[in-house]
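Just so it is clear, none of the values below were taken in a lab; they were calculated from the coordinates. As the structure is a prediction and not an experimental result, all values here were calculated from the model. Note: ideal-geometry Cβ built from the backbone for every residue, glycine included; neighbour counts use all protein chains shown.
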Amino acid sequence: MTPSTTKQWTVTGKNGFDSLKFDEKAEVPQLGDHDVLVNFHFASLNYRDLIIPTGKYGFPVALPVVPASDGAGTVVTVGPRVTRFHKGDSVLTLFNQSHLGGPITKADTDTGLGGSVNGTLRQYGVFDQSGLVKMPSTLDFKQASTLPCAALTAWNGLYGVEGKILRPGDTVLTQGTGGVSMFALQFAKAAGARVISTTSSDAKAKVLKDLGADHVINYKSDPNWGETAKKLSPNGIGCSHILEVGGPKTMVQSLKAIRPEGIISIIGFIGGMSKDQPSFLECLNNICTVRGVLVGSRQQFEQMNEAIDANGIKPVVDEKVFGLEEVKEAYQYMWDQKHFGKLTIKISEPGQSKL
């Protein structure tokens, strides 16, 4: 029997986490010819989800909106003209629903789940079949729910520029232990690359080493970590790829670490904003490419999932799992930076294990 109502969260304003409202019986949209009804089992949070209710997100937002872009679930039923999925399939959501392949367009940025389109913090959701992908067969729903944003962003950062994709023997620099950085480390090692990681604590350094990081630099005890990273690269030439998550406050060091013709992919600005940041001319001085990355396409998502299955990559997931009714607590937990790896929210019990 197709459900007519769903429990769900909605972002109703820009007053912080108090703008999150819970509805016990929201209406499930009608299924169109090309639509798929998904029963979500897990969702995962991203920094973006925390700043949308505060009004600090820089991309399109259409309030009220069901938050979160990342969800893993089971297909309940499909429209009569759906060809990509069948009842019972395990699926994941695509971050920008219309970004199917090739370069992202302005129109694609208007289809971001949890921003301008209803997202995944609900029991049931209806999606066009083009906005879903099949789940990796080697992951369970909790693990897989972490892939749509952070993992795909990391993959795009390493493989998104034709002619300059990550190659075996390259050196990759990752910053911290957030979701994008952890996935970038795992993808880089699976590809036969060297990885230099930065962190602020010895405990996190050990985890990074366990995941395969060749070198770990404590950026608190070594504020000039960019030069250190360059020295640690083979022959001191610098890093081929840098996943820049800190923003203006870390870009100076990233430019010191990059090799000629290397790529710095700007993912975010978790280090905060700053007027004291490099000029565009530093790209010329360092002969490098600096690019902004907004997640990735469905084609990249499917390629990434194949690599995850082939290499047995397991996402790093925080031990603490929140329930659907505890979303505000989950937001605060992540805002306070108590999480390690990806933070997940359990929505419903899967009908069967996907281990």
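Remarks
- Both radii were evaluated on the Cα set of the stretch 159-204; the Rg over Rh quotient, with Rh as the Kirkwood radius, amounts to 1.01.
- The shape of the chain can be summarised by an equivalent ellipsoid whose semi-axes, obtained from the alpha carbon gyration tensor, come to 35, 21, 19 Å from longest to shortest.
- Per-residue ³J(HN,Hα) for the stretch 209-222, Karplus 6.51 cos²θ - 1.76 cosθ + 1.60, θ = phi - 60°, Hz, x for Gly and Pro: 5, 4, 7, x, 4, 6, 9, 10, 10, 7, 6, 7, 7, 10
- Within the chain, longest stretch clear of exposed trypsin sites (Lys or Arg not before Pro) (DSSP loop, no more than 12 other Cβ within 10 Å): 88-219
- Lysines whose Cα lies under 27 Å from that of Lys87, excluding same-chain neighbours fewer than 8 positions away: Lys7, Lys25, Lys134, Lys142, Lys314, Lys346, Lys354
- Binning the C-alpha pair distances of the stretch 115-233 at 10 Å intervals from 0 yields a P(r) profile of 12, 36, 30, 16, 5, 0 %, listed from the shortest bin outward.
- Near the amide H of Val290, within less than 5 Å, lie the amide hydrogens of Ile264, all on another chain or at least 5 residues away, with H placed in the peptide plane.
- With contributions of -39500 (n - 2.57) from each DSSP H run of at least four residues, the per-residue ellipticity at 222 nm computed over the chain stands at -6500 deg cm²/dmol.
- Rel. contact order, % - alpha carbon contacts under 8 angstrom, at least six apart, the chain: 18
- For the stretch 1-121, a Kirkwood radius taken over Cα pairs fed into Stokes-Einstein (10 °C, viscosity 1.306 mPa s) yields D = 105 µm²/s.
- All-pairs alpha carbon distance profile, the stretch 1-58, 5 Å steps from 0, percent: 4, 15, 19, 20, 18, 15, 8, 1, 0
- Positive dipole terminus of the chain, leading residue within Asn285, Gly247, Gly262 (C-beta point charges): Asn285
- Cα convex hull volume per residue for the stretch 161-292 (Å³): 99
- Here the stretch 161-292 carries DSSP beta bridges of which approximately 0% are antiparallel, counting only pairs with both residues inside.
- Across the stretch 68-85, coupling constants 3J(HN,Hα) worked out from phi with the 6.51/-1.76/1.60 Karplus curve, θ = phi - 60°, read 6, 9, 9, x, 10, x, 10, 5, 8, 7, 10, x, x, 10, 7, 10, 8, 9 Hz, and Gly and Pro carry x.
- Of all beta bridges that DSSP places with both ends in the chain, some 55 percent have antiparallel geometry.
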